[in-house]
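Below you'll find the structure, written out as structure tokens, and then a few comments.
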Amino acid sequence: MKLIIAIIKPFKLDPVREALSDIGVQGLTVTEVKGYGRQKGHTEVYRGAEYSVNMVPKLKLEIVVADDLAPRVVETISAAAATGSIGDGKIFTLDVGGAVRIRTGETNRTAL
Amino acid sequence: MKPTLGWAGRALAFGAPLLFSLPAFAQDAEPVLDTGDTAWMIVATVLVMAMIVPGLALFYGGLVRTKNMLSVLTQVTAVASLAMLMWVIFGYSMAFGDGGGAFMASFNKAFMAGITSDSLSGTIPEFVFVAFQMTFSAITAALVIGGIVERAKFSAVLIFVALWLPLVYYPLAHMVWAEGGLIFEWGALDFAGGTVVHINAGVSALVGAIILGKRIGYQKEIMAPHSLTMTLIGTGLLWVGWFGFNAGSALGASGGAGLALINTFVATAAAILFWMLTEKVLGHKPSLLGACSGAIAGLVAITPAAGNSGPMGAILLGVVAGVLCCIFVMTIKPKLGIDESLDAFGIHAVGGIIGSILTAVTMLPALGGPGGDDYVFGAQLIIQVQAVVVAIIWVTVGSAIAFTVAKLVTGLRVSEEVEREGLDLGEHGERAYNY
């Protein structure tokens, strides 16, 4: 099993979710996060006082899938979340040691 | 004809020969209660109350950081309450009591002595006049807080206000609005408080900001407003309440009130649009905070001229105030490096000075103003400038004394730890938001 962590632009959530459903992803977890990469934030001006906002709001998606599906998931997110401009985000893939569905007690692949 | 003076001139006329060309008051007739005037003035009084809590509280509260929201709401509410009590105990008497000289009246109406429900002030009950005036002193004191939020101790704020009202506000109200008052006798025009309320509050806020010093992290850390939504709600309440403030200053349901009403609409609208336009010209985006700031700038500028201008003159005032206040706040203030937190000076004092001086212009009949055939522009302009200069000197000295005493008694400023953690928890032990 793989854990795929994707940091994406907030307005790209719906296209990504739809594309993932189409390839058979059952569920995902979304968290609102802030951070910075090469995008470096933006500037806000309040009555003449300029503030550079270094931390940009993003969404973090966490998806656990079977090993064979993982490359497709990465590819799908990558395609659906892209705008071509700076700040589109990043995707990380990690190995997962185990999984349990709490309601039934099923484990690993069947728990996904 | 003498220029139209605001409510003060007329209000003080009760029991004395009535001033100016008011056909309703024949020279020798005893004043009688007018129910229409009374009804309007009670409404106007509570409209001004709505400007303080919730209006000003939300306007200022939205502009500070989340951790200081509750402290601003608490300060505005407490300061207004203190000012109300002080007004009936001795403030009204100092400003509008019988007799008195150039700088204050007397204490003969202290504790509301001699005033009953049958007492009249012009055509309205004197208690209504007392209450209307009371709301002015309360909002002026609360406006000063805008210069010192996010770092002043709550105790210091209360001690400052307790001293500042008798040192600065009551004498200035007497000087500008009461018969016998220094500036009043010059013939200065201040319909609804450009000098007494706005120049006064703005300059006091600046003095406080200088004595208090900058907030930790000023011009280094993010101090963006935590809720411009609330600031807009506050702006709306201030605008609505300002109709009571300006149109109420006619002291009756009259044509003068109608003039002040229309002027309060159009000056504000012009200032909103021209503040945002100025932002654009200065290379920024037209912002909601700019619109809210422009609204206040326009409202402030039209205040002294509300009944002393035609609607086109009011638009002119709004345009000038919108542009100049925006330039001051956006470009001049950052260079000064004074942390006058919420621009009480930049908007109220600058807008008030513009309004007070330009009142001499808007009076011109050529601009649709109410000046009569014998209106002398040059002489009036000099009087207006003189009034502004005297007010600024008086306010600077008086508020410096009040802030200094408050500093000696309380230390004035919260500890660094409290300032970083926020005044909500540090000073009041509660938060504005629990989620």
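With viscosity set to 1.567 mPa s at 4 °C, what whole-number translational diffusion coefficient in µm²/s follows for region B:251-340 from Stokes-Einstein and a Kirkwood radius over Cα pairs?
98 µm²/s
Please calculate the 1.4 Å probe accessible area of residue B:284, with all protein chains present, and give it to the nearest 10 Å².
Approximately 50 Å² of residue B:284 is accessible to the 1.4 Å probe.
For chain B, what does -39500 (n - 2.57) per DSSP helix run (n ≥ 4), summed and divided by total residues, give at 222 nm, in deg cm²/dmol to the nearest 500? Walk me through the intermediate numbers first.
On the way: 18 runs with 243 residues, N = 435.
Helices in chain B give a 222 nm mean residue ellipticity of -18000 deg cm²/dmol.
What is the Cα coordinate range of region B:77-231 on the first, second and third principal axes, sorted by size from largest, in whole angstrom?
56, 32, 28
Rg (Å, one decimal) plus Dmax (Å, integer) for the alpha carbons of region A:1-89?
Cα only, region A:1-89: 15.3, 54 Å (Rg, Dmax).
From the Cα gyration tensor of region B:268-313, with a ≥ b ≥ c the square roots of its eigenvalues, which class applies: rounded if a/c is under 1.5, or else prolate if a/b is larger than b/c, or else oblate?
In terms of gyration-tensor shape, prolate.
Rounded to the nearest 20 debye, what is the charge dipole size of the protein assembly as shown about its Cα centre when +1 sits on each Lys and Arg Cβ and -1 on each Asp and Glu Cβ?
The calculation lands at about 1760 debye.
With 30 Å as the limit, write out which pairs from B:109/B:153; A:60/B:335; A:90/B:335; A:40/B:67; A:60/B:333 have Cα-Cα distances beyond it, or answer none.
From B:109/B:153; A:60/B:335; A:90/B:335; A:40/B:67; A:60/B:333, over 30 Å: B:109/B:153; A:60/B:335; A:90/B:335; A:60/B:333.
What is the sum of charges, Lys and Arg at +1 and Asp and Glu at -1, for the other residues whose Cβ falls under 13 Å from the Cβ of residue B:67?
Spelling it out: positives minus negatives among the neighbours equals -3.
Enumerate the calculated ³J(HN,Hα) couplings along region A:38-46 in order (Karplus 6.51 cos²θ - 1.76 cosθ + 1.60, θ = phi - 60°), each rounded to whole Hz, writing x wherever the residue is Gly or Pro.
6, 5, 6, x, 8, 10, 10, 10, 10
Report the Stokes-Einstein translational diffusion coefficient (µm² s⁻¹, integer) for the protein assembly as shown, Rh taken as the Kirkwood radius over Cα pairs, at 10 °C with viscosity 1.306 mPa s.
62 µm²/s
Can you give the Rg/Rh ratio of chain B, where Rg is from the C-alpha atoms and Rh is the Kirkwood radius?
Working: Rg = 20.5 Å, Rh = 21.4 Å.
Result: Rg/Rh = 0.96.
On a 0 to 90° scale, report how tilted helix A:13-22 is relative to the longest principal axis of chain A, with both axes built from alpha carbons and the result rounded to the nearest 10.
Once rounded, the angle reads 20 degrees.
Compute the helix-to-body angle for B:126-144: its Cα long axis versus the longest principal axis of chain B, expressed 0 to 90° and rounded to tens.
30 degrees
With springs connecting C-alpha atoms under 10 Å apart, model chain B as a Gaussian network and identify which of B:251, B:425, B:238 has the largest mean-square fluctuation.
Comparing B:251, B:425, B:238 in the GNM, the peak value goes to B:425.
Between rounded, prolate and oblate, where does region B:163-205 land on the alpha carbon gyration tensor, with a ≥ b ≥ c its root eigenvalues, rounded for a/c under 1.5, else prolate if a/b exceeds b/c?
oblate
Can you give the helix-only mean residue ellipticity at 222 nm for chain A, where every DSSP H stretch with n ≥ 4 adds -39500 (n - 2.57) and the sum goes over all residues, rounded to the nearest 500 deg cm²/dmol?
Estimated from H runs of four or more residues: -5500 deg cm²/dmol.
Taking the Cβ of residue A:2 as the center, what net charge do the other residues with Cβ under 15 Å away carry, scoring Lys and Arg +1 and Asp and Glu -1?
Result for the local shell: -3.
Just to confirm the number: angle between the C-alpha axis of helix B:154-164 and the first principal axis of chain B, 0 to 90 degrees, nearest 10?
Long axis of B:154-164 versus the principal axis of chain B: about 30 degrees.
Which value, in debye to the nearest 20, describes the size of the charge dipole of chain A about its Cα centre when Lys and Arg Cβ atoms bear +1, Asp and Glu Cβ atoms bear -1, and nothing else is charged?
280 debye
Quick one: what do you get for region B:20-139 if you divide its Cα Rg by 2.2 N^0.38 Å?
Rg over 2.2 N^0.38 Å, computed on Cα atoms: 1.28.
How many partner chain Cβ atoms sit within 10 Å of a residue's Cβ in peptide B:211-223, on average, as a whole number? Don't skip to the answer; put the middle values down first.
On the way: counts 0, 0, 0, 0, 0, 0, 0, 1, 3, 0, 1, 8, 3.
Mean shielding by partner chains, rounded to a whole number: 1.
For region B:156-252, what does the alpha-carbon gyration tensor say about shape, rounded, prolate or oblate, given a ≥ b ≥ c as the root eigenvalues, a/c under 1.5 as rounded, and a/b over b/c as prolate?
oblate
Probe 1.4 Å, all protein chains in place: accessible area of residue B:407 in Å², nearest 10?
Roll a 1.4 Å probe over it and residue B:407 shows about 100 Å².
Two decimals is fine: what's Rg over Rh for region B:366-435, C-alpha atoms, Kirkwood radius as Rh?
Computed over Cα atoms, the ratio is 1.36.
The values are calculated or read from the model by the stated rules, or taken from the named source; none is laboratory data. All values reported here derive from a predicted model rather than from experimental measurement. Cβ sites come from the backbone with ideal geometry, for glycine too, and all protein chains shown count toward neighbours. With ligands, DNA and RNA removed, areas are computed over all heavy atoms of the protein, side chains included. Shrake-Rupley method; radii C 1.70, N 1.55, O 1.52, S 1.80 Å.
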